[in-house]
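First the structure, in the form of structure tokens, and then the observations on it.
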Amino acid sequence: MPPMSGDQHMGAISVAAAADVDDRYFCGTALRRGVKVSDQSWQKIVDSEKKYDKDINANWVPNGKGEKRWLINWFTPIYVVGFIFGLLVLRKTNTAISAVQYVRSCQCQVSQEALENSGDFHHLLTMLDSIDKPPAIMMLNQYALKMTNNFLCNTAQMPGVHERLVFVTLDKVASDVMKKEWPHVKQFYWPTPCLYKRFSFAEGAYQVIYLLRANLAASLVRYGRSFWMMQQDTFWRENLFELNLESGGNFDLLFDQIGDSTDSQRAEWVNGANFYVRANNRTLEFFQSMASKLAHWYTPDMAIMIHQCHTWGNQSNCNFMPHRIAHSWEWMYTAQKNPPYIMQLDCETDAGSKLDQLAKFGFRFTQDDGRTCNQAAVEQARQRMNMGTVDVRRAMLSWGRFQFIVYWYITDFLLWLPIVGQLIKPYLPLVGFCIMITF
């Protein structure tokens, strides 16, 4: 190949001069003024330069100031989402491990052996025998006192309700306050250091209190006592005890349920807030198995109840209260027809803000001091439910409620799937803690 002509050579020099550089690098090859380059080599250099510029320009663009900035391509959001998802998985894994370790370290404080070897437990049995109807057991530490006052004010005018309540007080503060402010309400004092602190949804202490509830249920059943297990974050529109549900029906366990009707995909999924237990060998095995799983699994207690009710068959003999009797907070987001007797209002993952959120819906029944009852507020809430005028717009959508709503939409879709839905129905709730984002 003949050398580049003078005109071509001067043209090349002009290109470099126009760029106002003395040395021009093309993919590592220097072209200096006065250096002769063959046509073939020149073409290779130009092609390499074009490819280099194309690769560079794909990711870098001018910012208008003579500089260049990185161009975000369509892969970048995928990388960011993947990185965040990975961090959440690591965080949830750490939370789960910490929670299970905490439960294991606290087992001795809430075990069936500890309960049944205690003189206080046998005093509890004597106390229960003095109640002519099946008692209602509730758990209480000092951080749930305001919610407890709210519930007791809600039910204060309902005949026979307070007489059947037994609070398991878990610290001295809760015990002393109950003795002072509600001296006629019975309590079983079981100090539990692992439950002295404030805790929220899906934490280790949260699991411990439900492990205690399961062990207490098993111990009561072993000693032949039937009972209600209830929670204070429930609004009683009417007196549930007047229905005398425990005296009839072919069941061993009578549960509340989630979903908004019998047609819901989640119908006959245990809610686990308010339920009745008949003492027999089947219910003893039910709660012993449940306690064993709670001690080793990172999963909600209601998920274990759902799993056992749907997989044990007649061995568990579970039945469910109709939605017109017991409903969850989801009722407020329906057409608000057929108001239930009781409605559980557990739609928050942060226990500390729960009562404040309920107040926005009109379900706060104490004065500003958190102790004095406001009976007018109870009547107003009852009237709003009767008329179907509970205003959900008054409360901004909290993070906890948003998660539950999204979770239920996804769950309903999965359960709707032909064949697959029925196969996963007994097992899906077991991953509930794992997919909830808690802080």
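Amide H to amide H, with H built 1.01 Å from N, N271 comes under 5 Å of D256, Q257, I258, counting only residues 5 or more places away or on other chains. For the range 306-414, the relative contact order is 23 percent, taking Cα pairs closer than 8 Å that sit 6 or more residues apart in sequence and dividing their mean separation by the residue count. Among the protein heavy atoms, those of M139 account for about 20 Å² of accessible surface (1.4 Å probe, every chain in place).
In this structure, the amide hydrogen of M139, modeled 1.01 Å from its nitrogen in the peptide plane, lies closer than 5 angstrom to those of V168, counting only residues at least 5 positions away or on a different chain. In the range 246-312, the portion of solvent-accessible area held by carbon and sulfur atoms comes to 40 percent [1.4 Å probe, whole percent, DNA, RNA and ligands not counted]. Placing a label point 7 Å from the Cα of R282 along the Cα-to-Cβ direction, the residues of the range 295-310 whose backbone N falls under 19 Å from that point are 304-310. The slack in the chain from T262 to A335, taken as 0.36 nm per residue of separation less the alpha-carbon distance, amounts to 24.8 nm. Taking 0.36 nm per residue of separation and subtracting the current Cα-Cα distance, fully stretching the chain between L88 and K180 would add 28.6 nm.
Rounded to the nearest 0.05, the FRET efficiency derived from the C-beta distance between T76 and L417 at R0 = 35 Å is 0.55. Too long at a 32 Å Cα-Cα cut-off: which of K197/K337; K133/K179; K172/K337; K92/K337; K197/K360; K172/K354? Pairs exceeding the cut-off: K197/K337; K172/K337; K92/K337. 3J(HN,Hα) along the range 141-157: 10, 4, 7, 10, 5, 5, 5, 5, 4, 4, 5, 5, 5, 4, 9, 4, 9 Hz, from the Karplus curve 6.51 cos²θ - 1.76 cosθ + 1.60 with θ = phi - 60°, whole Hz, x for Gly and Pro. Modelled spin labels at D129 and C434, positioned 7 Å past Cα toward Cβ, are 4.7 nm from each other.
Ligands, DNA and RNA left out, the 1.4 Å accessible surface of the range 88-202 is 56% carbon and sulfur atoms. When +1 charges are put on Lys and Arg Cβ atoms and -1 charges on Asp and Glu Cβ atoms, the dipole computed for the range 79-166 relative to its Cα centre reaches about 600 debye. The distance between label points at W399 and D368 comes to 2.9 nm (points 7 Å beyond Cα on the Cα→Cβ vector).
Under the convention that each Lys and Arg Cβ holds +1 and each Asp and Glu Cβ holds -1, the size of the dipole of the range 224-303 around its Cα centre is about 320 debye. A Förster radius of 30 Å, combined with the Cβ-Cβ distance separating A359 from V406, puts the computed FRET efficiency at roughly 0.80.
Stretching the chain fully between A156 and C108 yields a gain of 13.7 nm (0.36 nm per residue, less the alpha carbon separation). When each of the peptides 167-174, 179-186, 147-154, 415-422 is scored by how many other beta carbons lie within 10 Å of its residues on average, the order from highest to lowest is 147-154, 167-174, 179-186, 415-422.
A simple spin-label model places the labels of R198 and E238 3.8 nm from each other, with each point 7 Å out along Cα-to-Cβ. Across the range 256-346, the relative contact order, built from alpha-carbon pairs under 8 Å that are at least six residues apart, equals 33 percent. Sequentially through the range 229-244, phi angles give Karplus couplings (6.51, -1.76, 1.60; θ = phi - 60°) of 10, 9, 10, 6, 7, 10, 8, 9, 6, 9, 6, 4, 5, 5, 6, 6 Hz, Gly and Pro residues having no value and appearing as x.
The values are calculated or read from the model by the stated rules, or taken from the named source; none is laboratory data. Everything quoted here is computed from the prediction, not taken from an experiment. We place every Cβ from the backbone using ideal geometry, glycine too, and count neighbours over all the protein chains shown. The area values use the complete protein model at the heavy-atom level, side chains included, leaving out ligands, DNA and RNA. Shrake-Rupley method; radii C 1.70, N 1.55, O 1.52, S 1.80 Å.
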